[in-house]
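Peer 1: Okay, handing you the structure first.
The values are calculated or read from the model by the stated rules, or taken from the named source; none is laboratory data. The model shown is predicted, which means the values in this text are computed figures rather than measured ones. Neighbour counts are summed over all protein chains in view; Cβ atoms, including those assigned to glycine, are modelled from backbone coordinates with ideal geometry. Accessible surface is based on the protein model in full, side chains and every heavy atom, while ligands, DNA and RNA are left aside. Shrake-Rupley method; radii C 1.70, N 1.55, O 1.52, S 1.80 Å.
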Protein chains: 2
Amino acid sequence: MLSKVKAVVPVMSAKGGVGKTLVAVLTALHAARMGRRVGLLDLDVTSPSAHIALGVDPQKLQPEERDGVVPPDVAGVKFMTVAFYTWDKPTPLRGPAVDDAIREVLAVTNWGELDLLVVDTPPGLRDEALDVLEYLPRPRVLAVATPSRLARAGVERLLAILEEQGLERYIVENMAIGAVGLEELAEKYHARYLGRIRYDPGVEEALGSPEKLLDTDMAKDVEQIAKKLLEELGL
Amino acid sequence: MLSKVKAVVPVMSAKGGVGKTLVAVLTALHAARMGRRVGLLDLDVTSPSAHIALGVDPQKLQPEERDGVVPPDVAGVKFMTVAFYTWDKPTPLRGPAVDDAIREVLAVTNWGELDLLVVDTPPGLRDEALDVLEYLPRPRVLAVATPSRLARAGVERLLAILEEQGLERYIVENMAIGAVGLEELAEKYHARYLGRIRYDPGVEEALGSPEKLLDTDMAKDVEQIAKKLLEELGL
């Protein structure tokens, strides 16, 4: 189902709450605005929220079925989420059920030809977050991290794992509020540092509207990062 | 080991990155400053960071052993963390190993007589986060949430689970940046809303020093919350 996708980019984070979903959503939106054929897949089974950012009601927007499930177009991006159908269960999925849901979504979704597929993943370094890497062909990982010292050990662990697995790896610094940089950490693990995204309280009001989201300061910062990423990916 | 602890308060969040650790640390520090006998237990095996906030080097500060492991005093608080010994593994713990580490820490730590034990927990609604509730006697949960709409479904799920289990439940709103309140959500699940903590970028610089942490705007907000909490707990 992913054979005609040129670049698959899982967006990962060592812990939740670092803005991974918004970085994934904005990267996809920008790439589409720059003329690429883009897909966005929300595989964060534990807490899918890309549809909230995009203003998509999973009850109302049901994908068609044609040689598999066809992701509907949302603001120029082909969008699929575990929140469609019954994958977004009201009670938390545990263990193997999480894995099953992820593999099912990947098996049934018909992406067609894409330049870029951005994949929002479960946060953390647990089984399902790392297993996603095994289910995707040639994953080129975009790690999202905040500069907080409370989060540093996790960021290092994530980069170490990606290096260990020999995966192409990029890192962006979100909610940046000062000069403390993750550049040396990126260098240490031979990850490509793509830049910094400033803390933007204006984002909350823009949630639910791709147009408003694209108009935020955060979006301007992600635009620069998306450009660099597309270049690195050869798209 | 917890029989002489008057109140056990697990601090929980539906997702990571909402400030759960800092809320736990500051609540413990304030309660100690207000004259209570306080313990702080970091059970966030996936990403322990209370010791980073407190400026404790797990290699250097080793607990004594006397009828079990005696938590060392840090800024007036008896402090134990999975980061001591080998519980804080460099590679992420998976599945049953997480559970084992948590049960081991609980089994060996000798808290003595305490008014309050604050417990930092693994974020999310996964097995280990919820299992912690079963290992603690009469847990009175302090949920930490941010007002973001991206996080709302998770907050609701957490409150629903706590209500379903009939547990005493409190909620604080962290990184509050506007008027959007979690009060109606608290009411919906009969959880006690203790207040709001403003977003404070100054906290990052204070990490590692209990004195500096207590001097931040965030600490002032948590102080009010800690006072209410102690009252609610009858301490």
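Peer 1: Output the number of the condition that A:D115 fails; it satisfies all remaining conditions of (1) at pLDDT below 95; (2) more than 8 Å from chain B (Cβ to nearest Cβ); (3) closer than 22 Å to A:L29 by Cβ.
Peer 2: (1)
Peer 1: For segment B:222-233, name all the residues that are open to solvent by 10 Å² or more (accessible area, probe 1.4 Å) and touching a residue at least 60 places away in the same chain (Cβ under 8 Å).
Peer 2: Within segment B:222-233, B:E223, B:K227, B:E232, B:L233 meet the criteria.
Peer 1: Something else now. When A:A176 is evaluated against the numbered criteria (1) within 14 Å of another protein chain (Cβ to nearest Cβ); (2) closer than 21 Å to A:P10 by Cβ, which criterion, by number, is the only one it fails?
Peer 2: Of (1) within 14 Å of another protein chain (Cβ to nearest Cβ); (2) closer than 21 Å to A:P10 by Cβ, only one is false for A:A176: (2).
Peer 1: Go through segment A:180-221 residue by residue and tally those that are on the phi > 0 side of the Ramachandran plot and open to solvent by less than 90 Å² (accessible area, probe 1.4 Å).
Peer 2: Matching residues across segment A:180-221 total 2.
Peer 1: Considering only residues that are touching a residue at least 40 places away in the same chain (Cβ under 8 Å), outside any helix (DSSP H, G or I) and open to solvent by 20 Å² or more (accessible area, probe 1.4 Å), which ones fall in segment B:20-46?
Peer 2: Within segment B:20-46, B:M34, B:R36, B:R37, B:T46 meet the criteria.
Peer 1: Of everything in segment A:85-108, what is surrounded by 12 or more Cβ atoms within 10 Å (Cβ to Cβ) and at pLDDT 85 or above? Give them in sequence order.
Peer 2: Of everything in segment A:85-108, those that are surrounded by 12 or more Cβ atoms within 10 Å (Cβ to Cβ) and at pLDDT 85 or above turn out to be A:I102, A:R103, A:E104, A:V105, A:L106, A:V108.
Peer 1: Any chance segment A:73-82 includes a residue that's without any contact (Cβ under 8 Å) to a residue 12 or more places away in the chain, farther than 25 Å from B:L130 by Cβ and in contact with a Phe, Trp or Tyr (Cβ under 8 Å, 6 or more places away or on another chain)?
Peer 2: Scanning segment A:73-82, I find at least one residue that is without any contact (Cβ under 8 Å) to a residue 12 or more places away in the chain, farther than 25 Å from B:L130 by Cβ and in contact with a Phe, Trp or Tyr (Cβ under 8 Å, 6 or more places away or on another chain), so the answer is yes.
Peer 1: While we're here: Which condition number does A:K15 fail, the rest of (1) in contact (Cβ under 8 Å) with a residue 60 or more places away in the chain; (2) open to solvent by 40 Å² or more (accessible area, probe 1.4 Å); (3) farther than 29 Å from B:L130 by Cβ being met?
Peer 2: (3)
Peer 1: Do the conditions hold for A:V69, that is, is it in contact with a Ser or Thr (Cβ under 7 Å, 6 or more places away or on another chain), without any contact (Cβ under 8 Å) to a residue 60 or more places away in the chain and more than 14 Å from chain B (Cβ to nearest Cβ)?
Peer 2: yes
Peer 1: All but one of (1) touching an Asp or Glu at 6+ places or on another chain (Cβ under 8 Å); (2) among the aliphatic types (A, V, I, L, M); (3) buried (at least 19 other Cβ atoms within 10 Å of the Cβ) hold for A:I177; state the number of the condition that does not hold.
Peer 2: Only one criterion in (1) touching an Asp or Glu at 6+ places or on another chain (Cβ under 8 Å); (2) among the aliphatic types (A, V, I, L, M); (3) buried (at least 19 other Cβ atoms within 10 Å of the Cβ) is unmet by A:I177, namely (3).
Peer 1: In addition: Quick check, is B:E168 within 14 Å of another protein chain (Cβ to nearest Cβ) and surrounded by fewer than 18 Cβ atoms within 10 Å (Cβ to Cβ)?
Peer 2: Against the criterion (within 14 Å of another protein chain (Cβ to nearest Cβ) and surrounded by fewer than 18 Cβ atoms within 10 Å (Cβ to Cβ)), B:E168 does not qualify.
Peer 1: What tally of residues in segment A:123-137 results from selecting those that are of a type in the set (F, W, Y) and open to solvent by less than 10 Å² (accessible area, probe 1.4 Å)?
Peer 2: 0
Peer 1: Filtering segment B:50-66 down to residues that are hydrophobic (A, V, I, L, M, F, W, C) and in contact (Cβ under 8 Å) with a residue 40 or more places away in the chain, which residue is most open to solvent (accessible area, probe 1.4 Å)?
Peer 2: Among residues in segment B:50-66 that are hydrophobic (A, V, I, L, M, F, W, C) and in contact (Cβ under 8 Å) with a residue 40 or more places away in the chain, the one most open to solvent (accessible area, probe 1.4 Å) is B:I52.
Peer 1: Take the residues in segment A:163-184 that are out of contact with any Gly (no Cβ under 8 Å at 6 or more places or on another chain) and either among the charged types (D, E, K, R) or in contact (Cβ under 8 Å) with a residue 40 or more places away in the chain (or both), then tell me which one is farthest from A:L229 (Cα to Cα).
Peer 2: My answer is A:E164.
Peer 1: Does segment A:145-196 hold any residues that are aliphatic (A, V, I, L, M) and more than 23 Å from B:I52 (Cβ to Cβ), and which are they?
Peer 2: Once the filter is applied, which keeps residues that are aliphatic (A, V, I, L, M) and more than 23 Å from B:I52 (Cβ to Cβ), segment A:145-196 yields A:L167, A:L194.
Peer 1: Test of understanding: among B:V144, B:V98, B:V56, B:V82, which residue is under 19 Å from the mean Cα position of the chain (by Cα) and either under 20 Å from B:L229 (Cβ atoms) or small (G, A, S) (or both)?
Peer 2: B:V144
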